[in-house]
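Scroll down for the structure; my scribbles are underneath it.
Computed from the coordinates by the stated procedures, all read-outs in this text should not be read as laboratory data. Being a predicted model, the structure only gives us computed values, none of them experimental. Cβ atoms come from the backbone with ideal geometry, glycine included; neighbour counts cover every protein chain shown.
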């Protein structure tokens, strides 16, 4: 039962992040990541939270529509962290010019490590394994 409660807490943060994206609430979205974040992109480059903030801010204001879901493939719980393997499914529409938009469908598989910071779960490490764009 304890594991189920922890996973429910993580699911709540996932929902909050998806809601923040859908509602275009940048600060709320970025709160899901720890300050010492290590985010390994598909190309093998690892960035920190500062770079993720800059990259995300670049397109965040241009989001017109967003929907996202995920499927948890596996998870493990250790003393102070939870690691999960997810497949994320995202549809996003971004304003390109004044009258044009670009639509993407993204399927991304990754490993996410969560840590508890001041009673809140935060993503501290990401390793993107696969990504399909269409």
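Which three lengths, in whole Å and largest first, does the chain cover when its Cα atoms are put on their principal axes?
50, 28, 27
Which shape class, rounded, prolate or oblate, goes with segment 40-95 when its Cα gyration tensor gives a ≥ b ≥ c as root eigenvalues, a/c under 1.5 marks rounded, and past that a/b bigger than b/c marks prolate?
Note, shape of segment 40-95 comes out oblate.
Run lengths n ≥ 4 of DSSP H only: what is the helix-derived mean residue ellipticity at 222 nm for the chain, with -39500 (n - 2.57) per run over all residues, to the nearest 500?
-9000 deg cm²/dmol
Beta carbons within 10 angstrom, averaged per residue: use that to sort the peptides 66-75, 107-116, 85-94, highest first.
The packing order, highest mean first, is 107-116, 85-94, 66-75.
Does segment 1-80 classify as rounded, prolate or oblate by the C-alpha gyration tensor (a ≥ b ≥ c root eigenvalues; a/c under 1.5 gives rounded; else a/b over b/c gives prolate, otherwise oblate)?
oblate
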